[in-house]
1. Pairs needed: first member in region 231-249, under 11 Å from Asn210 (Cα atoms); second member anywhere, open to solvent by 30 Å² or more (accessible area, probe 1.4 Å) and basic (Lys, Arg); C-beta distance under 8 Å; at least 6 residues apart or different chains.
2. Can you find a residue in region 182-203 that is within 21 Å of Glu127 (Cβ to Cβ), open to solvent by less than 20 Å² (accessible area, probe 1.4 Å) and either of a type outside the set (Lys, Arg) or modelled with pLDDT of 95 or more (or both)?
3. Tell me the residue from Gly95, Gly103, Gly123, Gly129 that is in contact (Cβ under 8 Å) with a residue 24 or more places away in the chain, under 17 Å from Phe168 (Cβ atoms) and open to solvent by 20 Å² or more (accessible area, probe 1.4 Å), please.
4. Which residues, counting only those in region 230-253, are open to solvent by less than 40 Å² (accessible area, probe 1.4 Å) and assigned to a helix (DSSP H, G or I)?
5. Among the numbered criteria (1) open to solvent by 50 Å² or more (accessible area, probe 1.4 Å); (2) under 26 Å from Val17 (Cα atoms), which one does Asp111 miss?
6. Which residue, of Leu70, Leu80, is of a type in the set (A, V, I, L, M) and in a strand (DSSP E or B)?
7. Could you tell me whether any residue of region 37-48 is at pLDDT 95 or above and open to solvent by 50 Å² or more (accessible area, probe 1.4 Å)?
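The values are calculated or read from the model by the stated rules, or taken from the named source; none is laboratory data. Owing to the predicted nature of the structure, the values given are computational and were not obtained by experimental measurement. Don't worry about glycine lacking a Cβ; one is built from the backbone with ideal geometry, like all the others, and counts go over all protein chains shown. Areas reflect the complete protein model, heavy atoms only, side chains present, ligands, DNA and RNA absent. Shrake-Rupley method; radii C 1.70, N 1.55, O 1.52, S 1.80 Å.
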Amino acid sequence: MESVRAVLVDIDGVLTVSWRPLPGAVEALRDIRDAGLAVLLVTNTTSRTRASIAGTLTDAGFPVSAEDILTAPAATASYLAEHCPGARCALLNSGDIAEDLDGVVVVDPADSGPVPDVVLVGGAGPEFGYAALDRAFGHLQRGARLVAMHRNLYWRTAEGLRLDAGAFLAGLEQAARVEAEITGKPARAFFEAALARLGASAGEAVMVGNDVESDVLAAQRAGITGVLVRTGKFQPEVLRAADGTPDHVIDSFADLPALLRGSAQQ
């Protein structure tokens, strides 16, 4: 761990649950910053903008700003600008993320006009009803591309696990016989964009997350050291069934400074 210069950190389930800080998380992040390590919070959260997330975390005591956060919506805006500039996108998402979709042309998904170029799927919520999903299915049948900000199946709240967009995305892919282009985690390009923001190589970085597949193993496939925390939506049976082994498993983010110093047990 002596070569670590950069730390990528998931937010939901790692630093917070339902936006409330987990024990020791604020202090641990301060310790990591005080050690001179570069930090970037990388999240598939699609219900809030970077500025909103930063405000909430700052109020909770975390030493972060909007510039310290890379969201799936922000990564999506960059992806669309590169791969399909000017595309008309029918957005299916729960939450207002317009500020982070800079340059993206969002059209009314219920508009009876020309078929959108892209069906853009964010995070799940009440908006993911039958009518909305059926409209998206129709657009895909008529040639629209399917772009999704992530494949998360669920996330942890104070009330328990909640179903996320990945469950609906799988159905759209099966029904329309298309494969979604993923822009957030676990896409390799997302991790590469995060490293570029910090000016670090994969070998100089660690990724800390509570999703063994999307956070940890995906980062490891990109050459980044993976650290899984047993908080948030972590479930032992999911770890046992995973198609790989995390480089490190710790109880919580509060244990990360010790791990980085080489004194924690895996």
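1. If the second residue must be open to solvent by 30 Å² or more (accessible area, probe 1.4 Å) and basic (Lys, Arg), the pairs left are Gly232/Arg156; Lys233/Arg156; Val249/Arg230.
2. Scanning region 182-203, I find at least one residue that is within 21 Å of Glu127 (Cβ to Cβ), open to solvent by less than 20 Å² (accessible area, probe 1.4 Å) and either of a type outside the set (Lys, Arg) or modelled with pLDDT of 95 or more (or both), so the answer is yes.
3. Answer to the check: Gly95.
4. Within region 230-253, Phe253 is the sole residue that qualifies.
5. All conditions are met except number (2).
6. Within the list Leu70, Leu80, the selection yields Leu70.
7. No.
A quick yes/no check of all residues on (1) aliphatic (A, V, I, L, M); (2) under 25 Å from Thr71 (Cβ atoms):
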site: Val105; (1), (2): yes, yes
site: Ala110; (1), (2): yes, no
site: Pro114; (1), (2): no, no
site: Glu127; (1), (2): no, yes
site: Met149; (1), (2): yes, yes
site: Tyr154; (1), (2): no, yes
site: Glu159; (1), (2): no, yes
